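Below is one structure, written out as structure tokens; the observations come after it.
The values are calculated or read from the model by the stated rules, or taken from the named source; none is laboratory data. Values in this document were obtained by computation on a predicted structure and should not be read as measured data. Here the Cβ positions follow ideal geometry from the backbone for every residue, glycine too, while neighbour counts run over all protein chains shown. Ligands, DNA and RNA are excluded from the accessible area calculation, which covers all protein heavy atoms including side chains. Shrake-Rupley method; radii C 1.70, N 1.55, O 1.52, S 1.80 Å.
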Amino acid sequence: MRQSQMLLPTLREVPADAEIKSHQLLVRAGFIRQTASGVYSFLPLGKRVLKKVEEIVRQEMDKIGANEMLMPAMQPAELWKETGRWDNFGPELMRFNDRHDREFALGATHEEVITSLVKDEVKSYKKLPLTLYQIQTKYRDEKRPRFGLLRGREFVMKDAYSFHDSFESLDESYKKMYQAYSNIFRRCGLNFRAVIADSGSMGGKDTHEFMVLSEVGEDTIAYSDTSEYAANIEMAPAVDTYEKSEESARELEEVETPDKKTMQEVADYLRHPLEKGLKTLMFKIDGKLVLVVCRGDHEINDIKLKNLYDADVVELATEQETRATIGAGFGSLGPVGVTEDIEVVADNAVKYAVNVSCGANKDGVHLVNVNPDRDFKVKTYADLRFIQEGDVSPDGEGIIKFARGIEVGHVFKLGSFYAEKLGASFLNDQGKAQTMVMGCYGIGVSRTLAAVVEQYHDENGISWPSNLAPYQVHLLALNMKKEEQKSLAESIYDRLLKAGIEVLFDDRKERAGVKFSDSDLIGIPVRITVGKQAGEGIVEVKQRANGEQQELHEDDLLQKINNMI
Ligand code: 9G3
């Protein structure tokens, strides 16, 4: 393709609203343009890369026998009402009415549509297992779209759905899909981890997220420094390796702690380390007030709390709800002396506490020498805290470290929730009707493109991995007004095209400096420069990734280029 005929608007300056490198570079290099907040147009270079990511996804899906199809973005509200999700989802689910005033959703995901379709078309166990997928635009009205393609309101997703007659069959498809995802992200050149995750609103058991390691990732991964173990921090279990100290229980005492509010202030004032204090929070779990206690140096994990109660909504109680129930504010809460009607649950580490401090449920007063069982009752001990760096890895091997991750894929064992709600059943080999079992599997295709840029850029711009680059070779003619440069460049362009190589030809009437900086910005892996030595048939070949360059005669060029790509 000739740049003189192309829409490739590169920018010198960094767009003001772009906070992260991938957003800045994709805009500056002319790959995307924002149409509205969280809504983007893919310009020609961006579209070519998007297509390459999709192609890799398609190949790996087809390889495991998944059937590609395409579902509508317009989804009748009735389907979402049957599964109860029409009301479950708030403003994030984009909705509209058609001209006959019928309600529709813009597809945020397609469990309802696909399950309803399979319900109508598949009746026999002989047709199972069946895996269908699409690569399609999704709509989610994010409250704060940001980071360019990483969190948009309209984005490209590959979503796959598998249908089974049993959980064993689902397990097999899940493993195949898991392997296919690993292949996809490896072929995209990404440094990623598959992490144990929380199924969130989807319910069901096993679920894994595929995380690209990046400082701008919104998720935190807990991983072992010596084994393969990795989990989303929401899920990572805290291993109960605590020891009870030998010291004997001392006399319970009240201590004035005037305006000492935070755990650290109280610990400093009472001259004990953080872990010798108890942190007490009041939560509202599906509307019920529960007192949750953990060790002073730990943090309560609300996802684990939610899973313990199998609750829909878990939130911190407000200060006034707390004061109305306990009689004290946040900084002075404790489990000692609370009335029977207040449920007290605690993280496992609290069981091992000896002579610790906690709030006295009176403003500005704390208790010291508090001992569980003697001084307060706990209804349930459970793993309720966030794992921390330095903890023992849950698989028993190595120590936990944290990393930030960008979620580019998520695979779920859904179970039968959607099949039940929508009546997707099949006749088994005894002719008996049974409800189908499902899996669902997503990849953020446009998000993956941005994640690649996060991992493949330097101070001069993007440096695409060869599998995804919009073109394989960038051919620069520094001065098209010079006949020898023009003719050599044109003949090289012609020869590369004939050899089936994807070439972007910078034939513009621009200064050499502009061509070089644009070429570094766009990030095509191999650059051929036709310049002053064109008269002797000599060109310069440079690799974007490592900066290596050499001069070559045009006769040796094709061979060299074929080796490089
Ligand atoms: C919605 C809105 C946002 C959503 C969903 C529904 C996330 C929703 C979870 C999934 C599960 C899987 C198939 C592909 C893989 C992921 N955000 N999820 O269901 F209405 Cl507004 O999408 N779906």
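Can you name every residue in the stretch 151-169 that is away from the ligand (no atom under 15 Å from the Cβ) and either assigned to a strand (DSSP E or B) or surrounded by 24 or more Cβ atoms within 10 Å (Cβ to Cβ) (or both)? Residue satisfying the conditions is His164 alone. When Glu251, Glu215, Glu234, Glu172 are checked against the criterion of being open to solvent by 20 Å² or more (accessible area, probe 1.4 Å), part of a loop (DSSP other than H, G, I, E, B) and out of contact with any Lys or Arg (no Cβ under 9 Å at 6 or more places or on another chain), Glu251 stands alone in meeting it.
Residue pairs whose Cβ atoms lie under 7 Å apart, separated by 6 or more positions or on different chains, with the first residue in the stretch 75-94 and assigned by TED's automatic domain parsing to the domain that holds Thr137 and open to solvent by 60 Å² or more (accessible area, probe 1.4 Å) and the second more than 9 Å from the ligand (Cβ to nearest atom) and not charged (D, E, K, R), are Glu82/Leu422. For the stretch 109-145, the set of residues classified as within 17 Å of Lys421 (Cβ to Cβ), hydrophobic (A, V, I, L, M, F, W, C) and surrounded by 20 or more Cβ atoms within 10 Å (Cβ to Cβ) consists of Val113, Ile114, Val118, listed by residue number. Within the stretch 12-53, the set of residues being hydrophobic (A, V, I, L, M, F, W, C) and in a loop (DSSP other than H, G, I, E, B) comprises Val14, Ala16, Ala18, Ile20, Ala29, Phe31, Leu43. Consider the stretch 331-382 and keep the residues that are within 26 Å of Pro258 (Cα to Cα) and among the acidic types (Asp, Glu). The one that is surrounded by the most Cβ atoms within 10 Å (Cβ to Cβ) is Asp375. Residues in the stretch 305-342 that are farther than 21 Å from Lys377 by Cα and touching a residue at least 60 places away in the same chain (Cβ under 8 Å): Asn307 alone. Considering the stretch 175-189, the residues that are more than 19 Å from Ala231 (Cβ to Cβ) and away from the ligand (no atom under 15 Å from the Cβ) include one that is most open to solvent (accessible area, probe 1.4 Å), namely Arg186.
If I filter the stretch 405-442 down to residues being part of a strand (DSSP E or B) and of a type in the set (Ser, Thr, Tyr), which single residue comes out as farthest from the ligand (Cβ to nearest atom)?
Going through the stretch 405-442, the residues part of a strand (DSSP E or B) turn out to be 405-415, 425-427, 433-435, 437-442.
Of the ones still in play, those that are also of a type in the set (Ser, Thr, Tyr) are 425, 435, 441.
Details: Ser425: 21, Thr435: 19, Tyr441: 6 Å.
Among them, the one singled out is Ser425.
Within the stretch 259-275, the set of residues being out of contact with any strand residue (DSSP E or B) (no Cβ under 9 Å at 6 or more places or on another chain) and closer than 13 Å to Ala360 by Cα comprises just one member, Lys261. Considering the stretch 85-121, and only residues there that are modelled with pLDDT under 95 and in a loop (DSSP other than H, G, I, E, B), the residue that is farthest from the ligand (Cβ to nearest atom) turns out to be Gly90. Filtered by the rule that a residue be modelled with pLDDT of 90 or more and closer than 30 Å to Trp86 by Cβ, the stretch 201-244 gives Thr207, His208, Glu209, Phe210, Glu218, Asp219, Asn232, Glu234, Met235. Residues that are away from the ligand (no atom under 16 Å from the Cβ), assigned to a loop (DSSP other than H, G, I, E, B), touching a residue at least 60 places away in the same chain (Cβ under 8 Å) and not charged (D, E, K, R) do not occur anywhere in the stretch 194-210.
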